[in-house]
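The values are calculated or read from the model by the stated rules, or taken from the named source; none is laboratory data. Everything numeric here is computed off the predicted structure, so don't read it as measured data. Counting neighbours? That spans all protein chains shown, and the Cβs are built from the backbone with ideal geometry, glycine included. Side chains are part of the model used for accessible areas, which takes the heavy atoms of the whole protein and leaves out ligands, DNA and RNA. Shrake-Rupley method; radii C 1.70, N 1.55, O 1.52, S 1.80 Å.
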Amino acid sequence: MGAQSGKRDYSLTGLEGKRAEERGLVSAQWYTTSIPRQRMKELMKRKDGPAIRDTLIWFGLLIGFGALAVWSWGTWWSVPIFAIYGILYATPGDSRWHECGHGTAFKTAWMNEAVYQIASFMVFRSATPWRWSHSRHHSDTYIVGRDPEILTERPPIWKIIAMQLFHLYGGPVELKRFLLHSFGRIEQHESQYIPVSEYRKTFWEARVYMLILVGTVAASFYVGSLLPMMLVVLPTFYGNALVLLFGMTQHLGLFDDVLDHRLNSRTMYLNPVLRFLYWNMNYHIEHHMFPMVPYHALPALHQEMKGDTPVPSPGLFAALREVIDALLKQRNDPSYTIVRPLPDTARPYMAGLPENPYVRSKINKYMKAG
Amino acid sequence: MTEKNTWVLACGADEIDAEDVVRFDYGDRTFSVYRTVDNEYYATDGYCTHERVHLADGLVMGHLIECPKHNGRFDYTTGRAKRKPVCVDLQTYQVKVEGGNVYIAL
Ligand code: FES
């Protein structure tokens, strides 16, 4: 596999964005598996029941473990209890943020919005800017120079990945943005995907976040203990490990600059506990291809699509092993890409799409090398 | 409807399920034609105003159509944008049902 010449510019304001446009990769048509309309309508159907149940369980667990954490404060018991509390805070915080941002988790719109706003604060993602960032991620998934949610570049930046185990890279970046937004300013790269009409909302949300943050810090000072911050602000840092590990499995090691989610996204199997925490986002090819299908219908969608998609990774560790192996190889050969073979029943990669010479040559090159 | 408009046959009234949408192409234009649970018919431009994605692959819920790409929503009876990331309203067209067929005014 030939090494890519030079390091690419992953910023949204550099030359790569323009190049992606010239290559026909911007807001382009993506491959979709063909599913009969009647079945698709069943799968897209919205319900309140599953998300209400899951939200009650989630908040119930947070209250329960939060109470245990307070009780254990000052003893060694607090270490494992806070570890569980942190995972319960940040991991579903991330997945609820995601699903409610799509507006598919609940049938009732205000329920999606309420959980979205709460979860956005919990995982330190400004609700409005990240809604737009995530739309761009779906338009131009892993298109270099366009997608603001590429987890790491080629070759990987290990320092950032290591820092993200405790949200020490993204957390401070977001804190800085909260501050900037609350003073009525936005970063230059954000102006690439947030419409001006959304700025006002962005600024007011940031002011509310800052109020909660300052209030929690003040409460800690008032009671002379870190405990309030351990319950409200700090879990987004000390509970972030699983968010990172799940996130790393979604796209890393696979193709960039293609228009077929089977090439750039990874589906893996998980046990029911992890699927509850992650709200079925392990069905990631399925989610990207059909973002209209709510999380609770993704296992059924997977059954519908599995004849047309690569064999899923058998579990989180297998997926991570594959990712880390690819990232290590990308250190020396940034173009290293995992090619996941399709089952015999599948349509070929990019089938039915208008021919795109750049994507075609890229697929051919890596398929041959893989 | 002005005098310049002509009624164009879009589809048979039964070709659209209740609370659903179908695509109708006419020349180089494309439309989405809707049927409500109360068997009322509506038509809008085919593509979402956010990006060039056809709404006929979306989900109809009451008077709303949800776009299949980023879950933006429109009220298809008025064309009003109802959920981000759509910000721009959708063009609507007058519709009539005659002899079991749906016509839209172009
Ligand atoms: S293309 Fe319709 S909401 Fe984005």
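Computed quantities for the displayed model
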| read-out | value |
| --- | --- |
| Probe 1.4 Å, all protein chains present, accessible-area order of B:Lys96, A:Lys7, A:Lys329, largest first | A:Lys7, A:Lys329, B:Lys96 |
| Protection proxy ranking, peptides A:185-194, A:353-362, average beta carbon neighbours within 10 Å, highest first | A:185-194, A:353-362 |
| Residue of B:Gly58, B:Gly72, B:Gly12 that the Gaussian network model of chain B assigns the largest fluctuation, springs spanning Cα pairs under 10 Å | B:Gly12 |
| 3J(HN,Hα) from dihedral phi, the range A:211-224, Karplus parametrisation 6.51/-1.76/1.60, rounded to Hz, x for glycine, proline | 4, 5, 4, 5, x, 5, 4, 4, 4, 5, 5, 4, 8, x |
| Complex-versus-alone comparison for the range A:30-47, residues with a loss of 30 Å² or more in accessible area, probe 1.4 Å | A:Arg37, A:Lys41, A:Met44, A:Arg46 |
| Candidate residues B:Cys11, B:Cys87: accessible-area rank, largest first, probe 1.4 Å | B:Cys87, B:Cys11 |
| Within straight-line cross-link reach of A:Lys362, aspartates and glutamates at Cα separation under 14 Å, skipping those fewer than 8 residues along the same chain | A:Asp256, A:Asp257, A:Asp260 |
| Residues with amide H under 5 Å from that of B:Gly46, placed H, sequence gap 5 or more | B:Thr30, B:Phe31, B:Ser32 |
| Computed helical MRE - 222 nm, the protein assembly as shown, DSSP H runs ≥ 4 contributing -39500 (n - 2.57), nearest 500 | -14000 deg cm²/dmol |
| Probe 1.4 Å, protein heavy atoms only - accessible area per residue of the protein assembly as shown in square angstrom | 44 Å² |
| Reciprocal mean inverse distance between Cα atoms of the protein assembly as shown - Kirkwood radius, Å | 24.0 Å |
| Inter-centroid distance (Cα atoms) of the range A:186-257 relative to the range A:308-329, Å | 28 Å |
| Shielded residues, the range A:114-151 - accessible-area loss of 10 Å² or more between chain alone and all protein chains, probe 1.4 Å | A:Arg131, A:Trp132, A:Ser135, A:His138, A:Ser139 |
| Entries in A:Lys18/B:Lys69; A:Lys41/B:Lys82; A:Lys41/A:Lys201; A:Lys41/B:Lys69 that, when Cα-Cα distance is taken, lie over 25 Å | A:Lys41/A:Lys201 |
| Rounded percent of accessible protein surface that carbon and sulfur make up, the range B:7-105, 1.4 Å probe | 41 percent |
| Whole-number Å³ per residue for the convex hull built on Cα positions in the range A:124-241 | 107 Å³ |
| Against the rule of thumb 2.2 N^0.38 Å, how large the Cα Rg of the range A:216-271 comes out | 1.86 |
| Nearby lysines by direct alpha-carbon distance to A:Lys159 (threshold 27 angstrom, same-chain neighbours under 8 apart not counted) | A:Lys7, A:Lys176, A:Lys329 |
| Inter-part distance where the range A:24-71 and the range A:115-129 are each reduced to a Cα centre, Å | 16 Å |
| Percent of Cα pairs exceeding the 18 Å cut-off, where the set is the range B:7-105 | 37 percent |
| For the pair A and B, total buried accessible area rounded to nearest 100 Å², probe 1.4 Å | 1700 Å² |
| Residues of type lysines that A:Lys47 reaches as a straight line, Cα spacing below 19 Å, ignoring anything fewer than 8 places off in the same chain | A:Lys107 |
| Evaluated at q = 0.13, 0.23, 0.28 Å⁻¹: base-10 log I(q)/I(0), Debye formula over Cα of the range A:302-370 | -0.49, -1.16, -1.21 |
